[in-house]
Amino acid sequence: MSLPTVVVVGRPNVGKSTLFNRIIGEQAAIVENRPGVTRDRKELEAEWLGTRFLLVDTGGWLPGGTELDEKVSRQVEAAVKEADVVLFVVDASVGLTDDDQSVALWLRRIKSPVVLVANKADNDRRENDRWEFMALGMGEPVPVSALHGRRAGDLLDEVCRLLPEQEADDADDGIPLDDDGEALWKMGDTPPPRVAIVGRPNVGKSTLFNRLVGEDRSVVHDMAGTTRDAIDTLVDTPDGPIVFVDTAGMRRRSRIDDSAEYYSMVRALRAIDGADIALLVIDATEGVTSQDQRLAERVDASGCPIVVMLNKWELITDPEARVEVEAQVRRMLYFVGDAPLLKISALTGKNVHKLRPVLQEAIEQYHRRVPTRDVNKVIAEAQQRQPAGHGLRVLYALQGATDPPTFTLFVNRELPQTYMRYLERSIREAFNFGSTPIKLRVRKRSE
Ligand code: GDP
Ligand code: GDP
């Protein structure tokens, strides 16, 4: 099996070669100087705490100046495409430059994880200067001094954490491949979020689906759905892959006979079963019907977060009618609480782009983990504000699981439901969980 590849990129003079030599030199684990590699493609085997990888220096390939963008060499492009991890080196003694921005822009298109390395962080002050690189949108910069070796170990820990498991074999893991035959995400990564588009017939689900896929499309893959005759669609968006769940009816023009409302309900419930988030499409010209309401209740009960898509909004032109429709929707769907509501036209595309940040936010919350210390602080404060009485107490709390966020409360005796709801609300508000459902579990403990 070939070794995973770590590729070093960055504008000239940031210290790529120095970093390369530091990583190779520090371990003195040069196993081979691979013959046949392209001229001045420096590529050596390295090892850190038992993890082996191929380190590739792209130094000297990236032309400087304004031509950077056009001239990104094919070799760098090829190397980066093959990379399992990319080290994007910037210079903390100089600060952010336009060339760094160009490299970042270019790197944003690749799928491999990118570690932003703030090199020449030779001392504490320089280390603090690294924060301006957050503007590159590449996450938190890791400070190192390639020259002095400062923090090089921390960087390598991070690199190894991002590398694929070495023991893993190439067995089929069910992860779909992209056009180059590469897996679209790695084992152990958070799998792509799963989005279900649900709603009554004719509210515009297919139109919305096509709009979402059409707009963002770079790669679309069919995947076998979780149940027979379901088709999931994997879309590779600039924000990473997203799976649309059970899109069979939306993909085929000749529909399975889903004109029956009953069938659309069955289908929706099946879809949300495997989804991280549901887009509940409502036809604004009809408002929320009892059928919509029933569907929303079921989705809500499943614990799946909801985004309400009030579709065909362009057909409602009268400002008063608009206010009325929105109020009616809020009223009829009161039980979904703070679920975001977007007024869109799937047909014209208007406002559909607003879904992206909402989706990202919801997904992030869904996967979020709150530190135990903070959970306990919130619970303690809540109990102080309003004790449960009768000596009932939460002794200790922690977030036991994500997706959805699930909190375990260790209590001395069973707490009343009303008090549990109070605690749930306190947690939700303290950590801004928004519309994401959270779960509470209770364990009894003797004090
Ligand atoms: P490259 O063009 O990106 O490969 O950069 P080089 O590795 O050739 O380094 C460019 C210059 O920066 C050289 O003079 C290095 O000695 C210097 N340099 C590299 N790393 C560090 C560092 O961590 N601290 C300081 N102060 N200088 C560094
Ligand atoms: P589905 O059954 O929920 O998948 O609904 P479709 O996507 O097939 O849409 C049903 C009808 O509503 C079609 O005639 C669409 O062209 C129309 N439609 C969908 N979205 C909009 C919209 O935003 N505005 C208008 N005016 N019509 C829409």
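Before moving on, here are some points about what is shown:
- Tensor-based shape of segment 300-377 (alpha-carbon gyration tensor, a/c under 1.5 rounded, otherwise prolate or oblate): prolate
- Distance violations [Cα-Cα > 30 Å] among 111/343; 377/439; 81/205; 81/343: 111/343; 81/205; 81/343
- Stretch gain in nm, segment residue 315-residue 347, where the contour uses 0.36 nm per residue and the Cα spacing is subtracted: 10.5 nm
- Subtracting the Cα-Cα distance of residue 327 and residue 110 from 0.36 nm times their residue separation leaves 73.8 nm of extension gain.
- Rounded to whole Hz, the Karplus (6.51, -1.76, 1.60) HN-Hα couplings of segment 289-299, x for glycine and proline: 8, 5, 5, 4, 5, 4, 4, 4, 4, 5, 4
- Sorting 44, 49 by the number of Cβ atoms found within 10 Å of their own Cβ, with the fewest placed first, yields 49, 44.
- Segment 286-336 shape via C-alpha gyration tensor axes, a/c threshold 1.5: prolate
Rule-based calculations on the coordinates, nothing more; no lab input. These figures come from a predicted structure and were not determined experimentally. Using ideal geometry, Cβ is built from the backbone for each residue, glycine included, and neighbour counts are taken over all protein chains shown.
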